[in-house]
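**Q** Supplied in structure tokens, the structure appears directly below.
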Amino acid sequence: MTALARTRIDEVALRLADTVAWLTTPLLPDDYLGLINPLWSSRKLRGRVEAVQPETNDAVSLTVRPGRGWIAHRAGQFIGVGVDVDGVRHWRTYSLSSAPECADGRVTITVKAVPGGIVSPYLVHRTKPGTVIGLTRPEGRFVLPQPVPSRLLFVTAGSGITPVMGMLRSLVWSGEMPDVILLHSAPTREEVIFGAELRRLASQVPNLRLHEHYTRSGCRLSLAQVPDLVPDWCRRGVWVCGPTAMLQEAETRWREAGIPDRLHVEHFRPAVAASTGGAGGRVRFLSSGQRADADGATPLLVVGEDAGVLMPSGCRMGICYSCTGRLRSGRVRDLRSGREYGEEGELVQTCVSAAAGPVEIEL
Amino acid sequence: MKTLSEADIEEFGRELDKIREDVIASRGEGDARYIRRVIAVQRALEVSGRGLLFAAVLPPVWLAGTAALATAKILENMEIGHNVLHGQWDWMRDPEIHSSTWEWDLVSPATQWKHTHNYLHHTWTNVLGKDRDIGYSLMRLSPEQPWHPYYLGQPLYNAVLAPLFEWGVALHDLELERLRRGDKSWGQAITQLRAILRKAGRQVVKDYVAFPLLAGPLFMPVLIGNLTANMTRNVWAHTVIFCGHFPDEAAVFTEEQIEGETRGEWYLRQLLGSCNLDGGPLFHIMTGNLSHQIEHHLFPDLPSNRYAEIAPRVRALCEQFGLPYNSGSLLRQTATVWKRVFRLALPTSAQRPEPDAPASAQAA
Ligand SMILES: Cc1cc2nc3c(=O)[nH]c(=O)nc-3n(C[C@H](O)[C@H](O)[C@H](O)COP(=O)(O)OP(=O)(O)OC[C@H]3O[C@@H](n4cnc5c(N)ncnc54)[C@H](O)[C@@H]3O)c2cc1C
Ligand code: FES
């Protein structure tokens with residue numbers, strides 16, 4: 001079906017839904033259809049988990065069939081995933097590890113359980129095929145440019161391999177593998193997510209070289225080793241995804257080498273400033289009428305969610321701006337820099353801002 | 001009832017806080033499954049009811065369709081709408097079952113009702129001159145309200161209000177008496193009225209125009225079925241709600257009495273101003289668990305499916321503190337409500353006879 005035809009069909013469907021809404025008011029046709037199949041909703045993008053594939057002891061790949069409203073992704077992009085854990089909806093971000101070219105209408109995410117976490121242990125240990133999850137459309141700029149550069153370097157650690165796996169699979173699919181080097185670091189050989197597939201690819205595809213580093217055996221991957229391992233590193237486009245310290249080091253090195261624009265990084269969690277202490281205060285969420293006491297280190301997003309406010313959110317780490325609210329009064333602290341700011345009417349990213357004294361926000 | 005010391009009242013409050021915390025700590029997947037199931041059943045019932053009405057060539061089919069639709073509307077209004085709008089399910093963070101997004105199948109817009117009900121009624125429960133739900137500004141339901149010949153007709157007003165209850169609620173939310181007093185601007189009232197008309201318009205078109213027209217030759221059976229379902233829901237809601245606060249034993253308070261009220265005293269007022277209805281699990285669901293009016297008023301934002309579970313604890317606590325826990329059958333409570341409507345239609349002195357004296361005066 002052409003894109004144009006699809007838009008036309010969507011338009012007709014929308015108009016039809018508007019008419020039928022006179023019969024379902026105050027609800028929408030969706031509210032009834034959703035009971036038959038949650039994936040039919042045109043307002044809420046959802047997906048059904050169709051397969052759960054263990055990758056390592058504490059990581060799985062979930063194959064998801066997205067419902068109506070999904071758009072094709074680019075390799076390396078991420079999506080929002082909403083799940084109900086103990087009855088409470090939580091949203092987190094996960095990179096797509098499947099190649100967009102794989103056109104069976106399904107995508108995969110690969111999740112590593114973070115000890116003590118809420119969502120990742122649930123996805124890894126408690127999710128069964130058939131589970132319906134909330135989704136947001138793919139986004140993100142951690143992608144390969146078109147045309148693909150002839151020399152690439154990937155540096156990843158732990159679950160940071162996921163977006164890069166999406167890119168590698170996409171390159172394999174295209175049949176034209178450029179000169180690729182992947183430096184990957186994991187605690188042990190067994191804990192390398194996609195270990196078997198990566199090793200098989202490296203042995204089959206001549207242009208792909210894989211260097212594995214196992215931190216538990218003392219072989220920590222330091223970016224200082226890059227020039228030794230990859231002599232032509234300066235001439236490669238580089239994509240790095242791993243712990244914050246690794247990303248910060250990469251940023252420094254590539255900046256000092258004078259080629260910061262060759263470097264692309266993906267953060268999985270916000271880089272929190274060292275000194276985010278400081279007094280919090282009472283937060284008033286004006287639109288919902290809720291109130292809560294916040295300390296100076298908890299993001300307003302979490303404060304609101306815990307108070308039962310429907311807080312909009314996306315990446316939860318300060319990159320997508322889905323979570324903003326207008327400040328009516330008070331000041332907030334940017335948890336990434338520790339900087340205090342805030343003027344009446346200013347838009348605040350609630351996921352990376354904490355209260356610095358009493359705050360009123362229009363959410 | 002024995003006299004409670006200030007310390008007793010605060011102790012009573014702390015015990016209730018504990019019950020509240022226990023429920024909050026144990027809210028989880030089971031509760032979420034409960035409300036989603038009620039919503040699914042309600043929507044399925046509604047669709048079946050309307051489907052049956054479309055096939056209502058025979059009277060029993062019409063009756064079944066109307067009954068299913070009425071049941072669906074009662075569930076929608078009470079166990080679902082009322083409780084979702086109270087924020088009882090906000091903790092799930094599901095935007096589709098949330099007090100800030102919910103809209104119900106009544107002519108009154110949910111936002112207006114949230115203000116007059118959640119805020120005014122639940123904060124000022126049974127406080128004369130503050131709780132506008134006392135008699136819905138239409139009737140004299142407390143001897144402390146000064147009598148006026150107008151009240152002679154109140155048995156009739158109440159009988160008319162019951163089947164039209166949703167319209168009464170919409171009008172009630174307009175707060176016309178504040179407009180008369182000048183507390184509220186015409187501009188505000190007109191904005192509100194527009195919202196009501198918009199909402200009510202869609203409701204009327206749905207039930208009395210669109211569905212009947214779609215039914216073609218069965219226009220009349222569908223129209224009458226929908227009308228009957230709406231009125232049944234209205235009468236039922238009116239009955240249950242009036243039983244919650246206006247049986248004879250429920251106390252009424254004055255503004256002076258509640259000045260500087262502590263948390264414990266607030267709990268006490270909620271307890272003394274509310275009455276429960278006895279019944280089985282299905283009955284409780286059909287009343288939207290307002291049969292647990294006492295628990296609902298003590299903890300308006302706890303999930304309704306938990307009221308039955310905490311009721312014995314609340315009751316035991318009342319016993320321990322020598323406080324009344326007013327509970328009775330629907331029939332009995334309705335009878336006392338009507339008795340009150342009739343009795344207060346006639347002029348009575350402001351002083352109530354001894355057994356009815358506001359309990360708070362003794363308790364506080
Ligand atoms: C763009 C983007 C892409 C992402 N892609 C993936 C992916 O493909 N696979 C994947 O597994 N995760 C990915 N994440 C991370 C994911 O979104 C969650 O943050 C992670 O799963 C933890 O969620 P949680 O609910 O289990 O932990 P939470 O309950 O949120 O946190 C619990 C504790 O763990 C800490 N914590 C949070 N995240 C991490 C982490 N990554 N490592 C160590 N400690 C942490 C928190 O500070 C907190 O103390 C991505 C994040 C972003 C922003
Ligand atoms: S949630 Fe993405 S910027 Fe806050």
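No value in this document is a laboratory result; all are computed from the given coordinates. This is a predicted model, so every value here is computed, not measured. When we count neighbours, we look across all protein chains shown, and the Cβ atoms used for this are built from the backbone with ideal geometry, even at glycine.
**Q** Under 1.5 on a/c is rounded, so check that first for region A:151-266, then, if it is not, pick prolate when a/b is larger than b/c and oblate when it is not; a ≥ b ≥ c are the square roots of the alpha carbon gyration tensor eigenvalues.
**A** Oblate.
**Q** Which is the longest stretch in chain B that no exposed loop site breaks, taking sites as GluC sites (Glu not before Pro) with a DSSP loop state and at most 10 other Cβ atoms within 10 Å?
**A** B:1-255
**Q** With just the Cα atoms of region B:106-183, tell me how far they stretch along each of the three principal axes, in Å, largest first.
**A** Between the extreme Cα coordinates on each principal axis of region B:106-183 lie 34, 26, 24 Å.
**Q** Sum up the lysine pairs in the protein assembly as shown that clear both bars: alpha-carbon distance under 23 Å and a spacing of 8 or more or different chains.
**A** So the count works out to 10.
**Q** Rounded if a/c is under 1.5, else prolate if a/b is larger than b/c, else oblate: which is the protein assembly as shown, with a ≥ b ≥ c the root eigenvalues of its Cα gyration tensor?
**A** On the way: a/c = 2.63, a/b = 1.85, b/c = 1.42.
It comes out prolate by the Cα gyration axes.
**Q** Can you give the FRET efficiency to the nearest 0.05 for B:R263 and A:R141, using r as the Cβ-Cβ distance and R₀ = 51 Å?
**A** Taking R0 as 51 Å, the efficiency between B:R263 and A:R141 is 0.45.
**Q** How large is ³J(HN,Hα) for each residue in region A:244-249, as worked out from phi by the Karplus curve 6.51 cos²θ - 1.76 cosθ + 1.60 (θ = phi - 60°), to whole Hz, x for Gly and Pro?
**A** 3, 4, 5, 5, 5, 5
**Q** For chain A, what does the relative contact order come out to in percent, with C-alpha contacts under 8 Å and a separation of six or more?
**A** 11
**Q** Name the GluC sites (Glu not before Pro) in region A:281-363 that are in a loop by DSSP and that have at most 11 other C-beta atoms within 10 Å, would you?
**A** Sparse-neighbourhood loop GluC sites (Glu not before Pro): A:E343, A:E344.
**Q** Same structure again: When Lys and Arg each count +1 and Asp and Glu each count -1, what net charge do the other residues less than 15 Å away from B:W89, Cβ to Cβ, add up to?
**A** Net charge around B:W89: -4.
**Q** What ³J(HN,Hα) values, in whole Hz, does the Karplus curve 6.51 cos²θ - 1.76 cosθ + 1.60 give for region B:77-90 when θ = phi - 60°, with x put for Gly and Pro?
**A** Per-residue couplings from phi come out as 6, 9, 5, 9, x, 4, 6, 5, 5, 6, x, 5, 10, 4 Hz.
**Q** Give me, ordered by chain and number, the residues 5 or more places off A:V265 or on other chains with an amide H under 5 Å from its own placed amide H.
**A** Those lying under 5 Å, H to H, from A:V265 are A:V240.
**Q** Count the DSSP beta bridges whose two residues both fall in the protein assembly as shown, then state the antiparallel fraction as a percent rounded to the nearest 5.
**A** 60
**Q** Compute, for region A:45-140, the length of the dipole vector about the Cα centre, with Cβ point charges of +1 (Lys, Arg) and -1 (Asp, Glu) only. Units Debye, rounded to 20. Please list the in-between numbers first.
**A** Numbers: 12 positive and 8 negative charges, 56 e Å.
Value, rounded to 20: 260 debye.
**Q** Ok, one more. Taking amide H positions as placed 1.01 Å from N in the peptide plane, with prolines and chain starts having none, which residues 5 or more places from B:L277, or on another chain, fall under 5 Å of its amide H?
**A** So B:L277 has HN proximity to B:H292, B:Q293, B:G328.
**Q** For A:S329 and A:E362 in one chain, what is 0.36 nm times their gap in residues minus the Cα-Cα distance, to one decimal in nm?
**A** My answer for the length gained is 10.9 nm.
**Q** Another question about this same structure. Grab the eigenvalues of the alpha-carbon gyration tensor for region A:1-43, scale each by 5, take roots, and send me the semi-axes largest first in whole angstrom.
**A** In descending order, the three semi-axes are 21, 14, 6 Å.
**Q** A further question follows. Going toward the positive end of the dipole of chain A, with +1 on Lys and Arg Cβ and -1 on Asp and Glu Cβ, which of A:G195, A:A257, A:G280 do you reach last?
**A** Going by the Cα projections, it comes out as A:G195.
**Q** How tilted is helix B:186-204 with respect to the longest principal axis of chain B? Cα atoms for both, answer in degrees (0 to 90, nearest 10).
**A** Helix B:186-204 sits roughly 50 degrees off the main axis of chain B.
**Q** State whether region B:1-62 is rounded, prolate or oblate according to the following rule on the C-alpha gyration tensor (a ≥ b ≥ c being the square roots of its eigenvalues): a/c under 1.5 gives rounded; otherwise a/b larger than b/c gives prolate, and the remaining case gives oblate.
**A** In terms of gyration-tensor shape, oblate.
**Q** What is the calculated FRET efficiency for A:D306 to A:A257, with r their C-beta to C-beta distance and R₀ = 35 Å, to the nearest 0.05?
**A** 0.20
**Q** I'd like the trypsin sites (Lys or Arg not before Pro) in region A:115-173 restricted to DSSP loop residues with at most 16 other Cβ atoms within 10 Å, sorted by number.
**A** A:R141
**Q** As an exercise, use a Förster radius of 22 Å and the Cβ-Cβ distance of B:S185 and A:L286 to find the FRET efficiency, rounded to the nearest 0.05.
**A** 0.55
**Q** 5 Å is the cut-off here: which amide hydrogens, built 1.01 Å from N in the peptide plane, fall below it relative to A:E346, excluding neighbours closer than 5 in sequence?
**A** A:L327
**Q** Additional query: Which percentage, to the nearest 5, of the DSSP beta bridges contained in chain A is antiparallel?
**A** 65
**Q** Could you give the alpha-carbon Rg of region B:6-363 over 2.2 N^0.38 Å, rounded to two decimals?
**A** Normalised by 2.2 N^0.38 Å, the Cα Rg of region B:6-363 equals 1.02.
**Q** Counting other C-beta atoms within 10 Å, and keeping those with at most 11, which DSSP coil GluC sites (Glu not before Pro) do you find in region A:97-181?
**A** Passing both the DSSP loop test and the Cβ count: A:E176.
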